[in-house]
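What follows draws every value from the coordinates through simple rules; no lab data is involved. Predicted model, so just to flag it, every value in this text is computed and none were measured. Because the Cβ atoms are built from the backbone with ideal geometry, glycine has one as well, and the counts that use them run over all protein chains shown.
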Amino acid sequence: MSRKNVSDWLLSQNRYEGESRFSDKKLEGKATTISITAGKGGVGKTSAALKIAKTLAAQGYKTLLIDCDFNLANTAVKLGLPVNDDFSALIKAEKTFEEVVHKDGQFHLLSGCNGNLELFENKLEFEKIILDVIVGHEREFDFILLDSPAGLQKDTLTINAYSDYRFVVVTPDKSSITDSYSLIKILNNKYGVKHNHLLVNKVSSLGQYQKIVKTLSETIDHFLGGRVNVLGSIGYEVSAVDKFDQTLFGSANSAIHKNFIKVVHRFTEENFGTLISSKEKFEMPFANSRSGKQDVQPTIC
Ligand SMILES: Nc1ncnc2c1ncn2[C@@H]1O[C@H](COP(=O)(O)OP(=O)(O)O)[C@@H](O)[C@H]1O
Ligand SMILES: [Mg+2]
């Protein structure tokens, strides 16, 4: 079967129902796929996707991050890499995957483009392109992470549903909570996805975090019969609004860094236990950080 036919066949299968079979995938030597997603933009998907991918890579897991915001790609920008049209060249088969992927140790990035006119003007079956990349390279990686664009476009939802796991990023404002619930509802109603992970970003207090988790998990359980596994919270770094990326990736002693280590640890322990033998632990010196107030009451409509 050609690559094209493989993605067509995969998309025709209703493989979304039921639990993820991470143990089977590991035994088959295939990468575990994780979509970092949310209904809303600006909640920290790209930041979280990059940090989680870098953390997994630093722990020894061969990790590929795919920027699925294929014409408004931010991952390369956040890493200070030059933006280019490589993704477009890959689609046109002018360059190979190996030629376009950025490598840094075990971390690999397939970036999108930024305002590429050809990509803008041509109607692409984006979910098939991403599935082709996954199917073509899943045996080379331990993890493939997908940084989702904002919104409820069908191609993004299909990729979210196809992934083994979905990390839904939510912030304390009402629109983020409502939009995350809408995303989870559509994934449930259209694709039969019953299980998601929750990462609460830009949190100001423990009480705020607990309230969001309680509200969302109870609503999802009650109205959709679904469940969420809570990955943890990341503090709101008001002291570094324009320097957030530096704090995120710097070798500083930040609370953000510690919290991402906990998030990744919780996920790998919960899902893989002893399946993946313990790899070299990620060590970094930590710096101080200050959290500010974000006084919004989480509610679900
Ligand atoms: N915990 C946080 N504290 C402060 N600023 C944050 C935090 N997480 C993300 N940001 C900032 O919020 C903005 C949106 O983040 P980004 O990761 O691009 O979100 P998305 O991919 O969901 O649009 C960026 O300016 C980023 O630096
Ligand atoms: Mg983004």
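Take the residue pairs Lys30/Lys78; Lys78/Lys262; Lys211/Lys262 and return only those whose Cα atoms are more than 24 Å apart. Please report the intermediate quantities before stating the final value.
Values: Lys30/Lys78 28 Å; Lys78/Lys262 22 Å; Lys211/Lys262 20 Å.
Over 24 Å apart, Cα to Cα: Lys30/Lys78.
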Item to check | Full-stretch length increase - Lys262, Glu98 - with 0.36 nm per residue and alpha-carbon distance subtracted | outcome: 55.9 nm
Next on the checklist: Which of rounded, prolate or oblate describes segment 22-272 when judged by the alpha-carbon gyration tensor and an a/c cut-off of 1.5?
Outcome noted: rounded
Checklist entry - What are the ³J(HN,Hα) values, in whole Hz, obtained from phi via the Karplus relation 6.51 cos²θ - 1.76 cosθ + 1.60 with θ = phi - 60°, for each residue of segment 167-178 in sequence order, with x given for Gly and Pro? => result 9, 8, 8, 10, 10, x, 7, 4, 5, 5, 5, 5
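Pairs Lys45/Lys123; Lys40/Lys174; Lys128/Lys174; Lys54/Lys202: which are spaced more than 22 Å apart, C-alpha to C-alpha? Don't skip to the end; give the middle numbers.
Working: Lys45/Lys123 25 Å; Lys40/Lys174 11 Å; Lys128/Lys174 33 Å; Lys54/Lys202 20 Å.
Over 22 Å apart, Cα to Cα: Lys45/Lys123; Lys128/Lys174.
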Item to check | Listed peptides 79-86, 195-202 by packing density, highest first (mean Cβ within 10 Å) | outcome: 195-202, 79-86
Checklist entry - What is the order of Lys92, Lys51, fewest Cβ neighbours within 10 Å to most? => result Lys92, Lys51
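Compute the FRET efficiency between Ala89 and Leu152 as 1/(1 + (r/R0)^6), taking r as their Cβ-Cβ distance and R0 = 22 Å, and round to the nearest 0.05.
Numbers: r = 29 Å, r/R0 = 1.33.
After rounding to 0.05, the efficiency reads 0.15.
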Checklist outcome for this item: If unit charges are put on Cβ atoms (+1 for Lys and Arg, -1 for Asp and Glu) and the dipole of segment 22-272 is taken about its Cα centre, the option from Gln210, Cys68, Ile184 lying farthest towards the positive end turns out to be Gln210
Checklist outcome for this item: Least to most buried among Ser239, Ser205, by other C-beta atoms within 10 Å and fewest first, runs Ser239, Ser205
